[in-house]
Amino acid sequence: MMLEMDQPDLDAHIVKDVHPRYDTPWRWTDSEGILNVLAVVIDHVKLSVDFAIYDPGFAQTGPLTLEFLVNGNSLDKIRYDKPGFKHFEKPVPPEWLSAVVESAISIKVDKLYIAPDDGAKFGVILSRAGFVQ
Amino acid sequence: MIKALAPILFGALFTVATAWAMGAILLQRFAGVFYKTEARLLEFVSGSACLSAVVFALCIFKFARPGVFLFVGLASIACVLYTKASRAHTKTFPPIPVLWRWLFIAIFSAFAVYYLFNAMSPEQSPDAVTYHLGVVSQYSRTRGFPLITDNFYASLSEGIELLFLFAFEYGRHSAAALVHFSFWIALPLMILSYARRIGHPAAGVAAALFTALSPVVGMDGSVAYVDVALAAFAFALFYVLQIWDQTRDNRLLVLIGLLAGFAYEVKYTGGVAAIYAVAFIAWKSWRAGERVWKPALIVAVCAFSCMAPWMIKNIIEVQNPVSPFASRLFPSPYVHTAQIEEWSRYLHMYEMTSYRELPLELTVKGMKTSGFIGPLFLLSPLALIALKYREGRQLLLAAAVFGSTYFSNIGARFLIPVLPFIALALALAIEKWRWVLLLLMAGHTVACTPKVFDRYAKASWSVWRVSTPAALRREDPDAYLMRTSSSYPVARMIEKLVPAGEKVFAFGSPAQAYTSRHIVVSWHAGPNQLLEDTLWTPMTTERAPTRILKFQFPERLIRRMRLVQTAWTHEQQWAVAELRVFAEGREITRSPDWQLTANPNPWDVQLAFDNNPVTRWRTWRYAEPGMYIQVDFGKLQPVDSVVVETSGDTNQARLVVQELTQQAGWNAINAPPQESERPVRATLRRAATQELKARGIRYLLIDDSQWGAKDWRLYPNAWGITFIGETRGERLYRIE
């Protein structure tokens with residue numbers, strides 16, 4: 001089950017740290033964006049996330065380290081040295097998942113971009129996240 | 001306006017006229033017994049019972065058609081006119097004192113007009129549009145009784161609903177409400193009439209107004225409910241019993257039996273009427289040194305002959321004469337014991353935390369008792385003063401009898417049958433202080449005026465306001481109901497979006513009286529609850545079949561084996577999603593020769609052998625030692641292990657495997673279960689909806705406030721459903 005950041009019912013999936021949508025098909029995260037997603041099946045499932053690292057933000061923060069977690073279990077921790085569009089995909093152990101209740105997908109960002117105008121803080125730009133087979 | 005109102009008024013008046021005509025024919029043989037005024041009222045009430053019996057017979061043979069009803073009505077009325085039956089009663093009461101007469105006329109007329117307009121308004125009261133008229137509209141479509149096994153409300157006795165059906169054929173929902181309103185008119189008039197008979201007209205005026213003006217009586221009596229009708233039958237029975245006691249005219253025994261039996265037909269709680277009538281006749285006969293058995297038997301036989309058709313209908317349809325109650329005594333797949341016991345527990349308390357809240361809730365607030373009877377009834381203990389009069393003692397005895405069932409459902413309307421007795425006893429107790437009685441009447445009138453009770457009982461079930469344009473059909477009923485009702489738009493959405501002949505599964509009950517589609521409500525029957533369980537299983541880990549219990553033992557030859565539950569559990573059912581039998585590490589293929597049974601709930605035992613992870617056999621009762629699932633292999637079968645797939649919500653159950661041996665009967669196999677967890681690996685959601693589809697249900701109605709509603713909304717693909725419509729927070733999905 002993939003979540004598109006522009007789908008109308010997305011707010012019902014957001015647990016924390018995902019910004020409201022501003023007429024864009026994507027959303028900003030904060031330091032730990034968490035979304036609830038149903039895995040549908042638990043065997044041979046991969047966590048898939050499409051996101052982007054904002055160019056001007058990267059200039060301020062430098063390389064970012066993102067940690068991807070499923071139901072609190074750390075799936076991977078990756079350092080990104082360049083801004084731009086990114087795709088993350090990695091198999092999830094079935095014992096972390098449930099086909100009965102939603103699983104929590106977390107994306108932790110080690111450094112936040114602070115907007116010079118108003119001091120607002122941003123993590124990464126999220127387009128899609130969820131489970132694929 | 002006239003065109004729209006004509007069928008409504010015709011339907012109601014024609015029903016009342018037919019009932020009255022049948023009653024006039026019945027009562028003409030009692031010339032000289034009744035006063036003219038009371039005869040008219042008793043004719044209507046007893047005739048209603050006769051008309052209901054006729055409609056029952058027509059429904060059996062699927063002759064419930066407007067043309068047939070027209071013939072029955074016209075024939076009855078013609079018979080009365082021809083035989084002059086209505087002129088059989090000539091005695092008249094002495095006139096009511098002028099002040100009391102005009103007080104009664106003025107106050108009663110004002111409230112009667114108000115509640116008449118409510119009765120004429122498009123019907124939207126909850127129980128009326130869900131089941132009182134829900135089943136009536138079904139009977140109307142099928143011209144009689146269809147077989148209904150998925151709605152236990154259809155198993156309740158429906159004596160008054162059959163009168164509604166008579167009216168419904170011409171004037172639909174509002175005509176039915178007006179029929180019930182006719183009992184609201186008749187009841188206070190009977191109270192007044194009885195009081196006049198015993199020589200207390202002033203007390204009669206006060207008691208009639210105390211009863212009729214009570215907000216819950218006005219509300220109930222002006223919609224298509226049945227409680228005011230039950231009160232009318234209870235009072236009519238009391239009335240005729242008192243006349244019999246005075247006259248010892250044994251011709252009245254048949255009428256007494258009819259009224260007592262019909263009270264049960266109106267509502268199960270009216271069953272006490274038959275016991276009361278038989279006991280009254282027997283006691284009075286014994287006290288007078290007369291024969292006891294014969295008159296008591298006549299009453300009992302007449303009463304039972306009224307009650308029996310409903311019991312027989314239920315035995316044929318749902319295997320339980322008093323369905324949905326007594327399900328332990330008459331187990332059936334159609335009603336689950338746990339469901340009824342939980343429901344009954346709720347009805348004992350509603351939202352209250354203690355019975356200490358009851359007096360104020362019942363009389364003043366009405367929020368937790370679905371209506372209130374009025375502050376005046378806080379003075380009910382004063383009615384005990386009436387014990388010093390014979391009439392007072394009789395009234396209080398009747399109040400005790402008809403109040404004895406009240407705690408089975410503490411809703412204010414369940415007290416309505418008691419109110420006439422309390423009201424008259426109270427009025428008799430105070431009658432000699434006329435000014436006090438007048439003051440109480442004035443206070444009660446003011447307190448029961450909508451603008452006044454709006455200030456102190458805001459959240460109660462009462463008639464707050466009446467829309468005259470809607471009542472007179474100056475406003476289109478459809479537009480009015482779309483504007484004011486929450487359940488009507490849902491029913492219309494179903495009618496529009498669901499093809500004819502399709503079933504809709506719903507967790508709540510929409511206005512079934514306004515849709516011809518078959519609604520399967522989750523809590524209305526055992527099989528429906530099973531579907532609800534199936535739909536909830538994919539969303540709750542405790543229900544999913546993740547607990548595995550393995551019983552391993554040295555191979556042995558078994559012909560019959562049982563899985564037996566041995567523990568007393570605390571409010572927990574036992575359930576088995578799948579029962580598998582192994583030999584040499586391989587599952588033994590299930591064979592059509594296997595004979596499966598279970599105790600309790602043998603009807604669903606197949607669900608533990610269907611390889612479907614979303615269905616399960618459940619006890620549908622709290623687990624008790626001795627409950628079992630049994631497999632008869634039909635031959636000696638080598639077995640070395642048994643695997644039970646079950647769920648977390650049955651973790652209090654303790655299981656053993658037993659085999660049937662020739663020497664020792666059922667013998668426990670020494671094999672303690674090894675418990676393990678197995679995660680659910682695939683979505684159960686689609687399996688659940690496919691199970692519904694396999695049972696003929698292709699549509700789901702889900703309220704946004706319903707537990708789990710979010711899941712259906714967010715994951716339609718996982719469920720295999722398509723959203724097709726929404727109104728008033730209720731979403732309609734089609735199962736693909």
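Per residue of B:341-353, what is the mean number of Cβ atoms on other protein chains within 10 angstrom of that residue's Cβ?
Details: counts 0, 0, 0, 0, 0, 0, 0, 0, 0, 0, 0, 0, 0.
Counting other chains' Cβ atoms within 10 Å and averaging over B:341-353 gives 0.
Determine the gain in length on full extension of the stretch residue B:286-residue B:599; use 0.36 nm per residue of separation and subtract their C-alpha separation, reporting nm with one decimal. Can you show the working numbers first?
Details: separation 313, 0.36 × 313 = 112.68 nm, distance 4.77 nm.
Extra length available between residue B:286 and residue B:599 comes to 107.9 nm.
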### Message
Give me the dipole magnitude in Debye, nearest 20, for segment B:499-559 about the Cα centre, with unit charges on the beta carbon: positive for Lys and Arg, negative for Asp and Glu.
### Response
260
### Query
Applying the Karplus parametrisation 6.51 cos²θ - 1.76 cosθ + 1.60 with θ = phi - 60° to the phi angles of segment A:118-129, what ³J(HN,Hα) value in whole Hz is obtained for each residue in order, glycine and proline being reported as x?
10, x, 5, 10, 9, x, 10, 9, 9, 10, 8, 7
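In Å³ and rounded to a whole number, note down the convex hull volume per residue for the Cα atoms of segment B:20-79. If you can, show how the numbers build up before the last one.
Numbers: hull volume 4.3 nm³, N = 60.
Output value, Cα hull per residue: 72 Å³.
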### Query
Which lysines have a Cα lying under 19 Å from the Cα of residue B:503, excluding residues fewer than 8 positions away in the same chain?
B:693
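In square nanometres, what is the average projected area of the Cα convex hull of segment B:259-349? It would help to have the intermediate numbers written out before the result.
Numbers: hull surface 28.5 nm².
For segment B:259-349, averaging the hull's shadow over all directions gives 7.1 nm².
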### Summary
Counting all Cα-Cα pairs in segment B:488-539, those more than 16 Å apart amount in percent to 41
### Task
Would you tell me the mean number of C-beta atoms belonging to other protein chains that fall within 10 Å of each C-beta in B:679-687, as a whole number?
5
### Query
Rounded to the nearest 500, what is chain A's calculated 222 nm mean residue ellipticity when only DSSP H runs of at least 4 contribute -39500 (n - 2.57) each, over all residues?
-1500 deg cm²/dmol
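Which entries of B:62/B:313; A:121/B:710; B:388/B:432; A:86/B:710 show an alpha-carbon separation above 24 angstrom in the structure shown? The partial results should precede the final answer.
Working: B:62/B:313 14 Å; A:121/B:710 31 Å; B:388/B:432 13 Å; A:86/B:710 31 Å.
The answer is A:121/B:710; A:86/B:710.
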### Query
What angle do you read, to the nearest 10 degrees and between 0 and 90, between the alpha-carbon axis of helix B:434-447 and the longest principal axis of chain B?
50
### Karplus-derived 3J(HN,Hα), 6.51/-1.76/1.60, for each residue of segment A:70-87, Hz, glycine and proline x
10, 6, x, 9, 6, 8, 6, 9, 10, 9, 10, 9, 10, x, x, 6, 9, 10
### Message
Which order do the peptides B:160-167, B:714-721, B:481-488 come out in when sorted by mean C-beta neighbours inside 10 angstrom, highest first?
### Response
B:160-167, B:714-721, B:481-488
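How large is the translational diffusion coefficient of chain B in µm² per second when you combine the Kirkwood radius over alpha carbon pairs with Stokes-Einstein at 4 °C and 1.567 mPa s? Could you put the intermediate results ahead of the total?
Numbers: Rh = 28.2 Å.
Approximately 46 µm²/s, per Stokes-Einstein.
Give the Rg/Rh ratio for segment B:162-277, taking Rg as the radius of gyration of the Cα atoms and Rh as the Kirkwood radius, to two decimals. Intermediate results must be reported in sequence, preceding the final value.
Numbers: Rg = 14.9 Å, Rh = 14.9 Å.
Using only Cα positions, Rg/Rh for segment B:162-277 is 1.00.
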### Query
Going by alpha carbons, how many degrees (0 to 90, nearest 10) lie between the helix axis of B:2-27 and the longest principal axis of chain B?
80
### Query
What's the Kirkwood radius of chain A in Å, using all Cα pairs?
14.9
### Query
Between the helical axis of B:488-497 and the dominant principal axis of chain B, each derived from Cα atoms, what acute angle in degrees is found, rounded to the nearest 10?
50
#### Entry: Semi-axes of the equivalent ellipsoid for segment B:595-667, Cα gyration tensor, largest first, Å
22, 15, 13
### Query
Mind checking which aspartates and glutamates have their C-alpha under 16 Å from residue B:267, skipping anything on the same chain fewer than 8 residues away?
B:127, B:158, B:161, B:220, B:227
### Message
Checking the cross-link filter: which lysines have an alpha carbon closer than 16 Å to that of residue A:82, excluding same-chain neighbours under 8 positions apart?
### Response
A:111
### Summary
The size of the Cβ-based charge dipole (Lys, Arg +1; Asp, Glu -1) of chain B about the Cα centre, to the nearest 20 debye, is 1960
### Message
Bins of 10 Å, beginning at zero and ending with the bin holding the largest distance: percent of Cα pairs per bin for segment B:59-163, please.
### Response
11, 24, 26, 27, 12, 1
#### Entry: Residues whose placed amide H lies under 5 Å from that of residue B:544, excluding near-sequence neighbours
B:648
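Could you compute the FRET efficiency for residue B:279 and residue B:736, with r as their C-beta to C-beta distance and R0 at 45 Å, rounded to 0.05? Each step should come with its number before you reach the end.
On the way: r = 61 Å, r/R0 = 1.35.
For residue B:279 and residue B:736, the calculated efficiency is 0.15.
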### P(r) of segment B:90-227 over all Cα-Cα pairs, binned every 5 Å from zero, in whole percent
2, 10, 19, 18, 14, 12, 10, 8, 5, 2, 1, 0
### Query
Which cross-chain or sequence-distant (5 or more) residues have an amide H under 5 Å from the amide H of residue B:504, H modelled 1.01 Å from N in plane?
B:518, B:519, B:520
### Message
For a bin width of 10 Å, list the pair-distance distribution of the protein assembly as shown built from all Cα-Cα distances, rounded to whole %.
### Response
2, 11, 17, 19, 16, 13, 11, 7, 3, 1, 0, 0
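Counting only other chains, what is the mean number of Cβ atoms within 10 angstrom of the Cβ of each residue in peptide A:31-39?
Numbers: counts 0, 0, 0, 0, 0, 2, 2, 9, 2.
Other-chain Cβ atoms within 10 Å of each residue's Cβ, averaged: 2.
The numbers here are math on the coordinates, done by the rules we state, and not lab data. Everything numeric here is computed off the predicted structure, so don't read it as measured data. Counting neighbours? That spans all protein chains shown, and the Cβs are built from the backbone with ideal geometry, glycine included.
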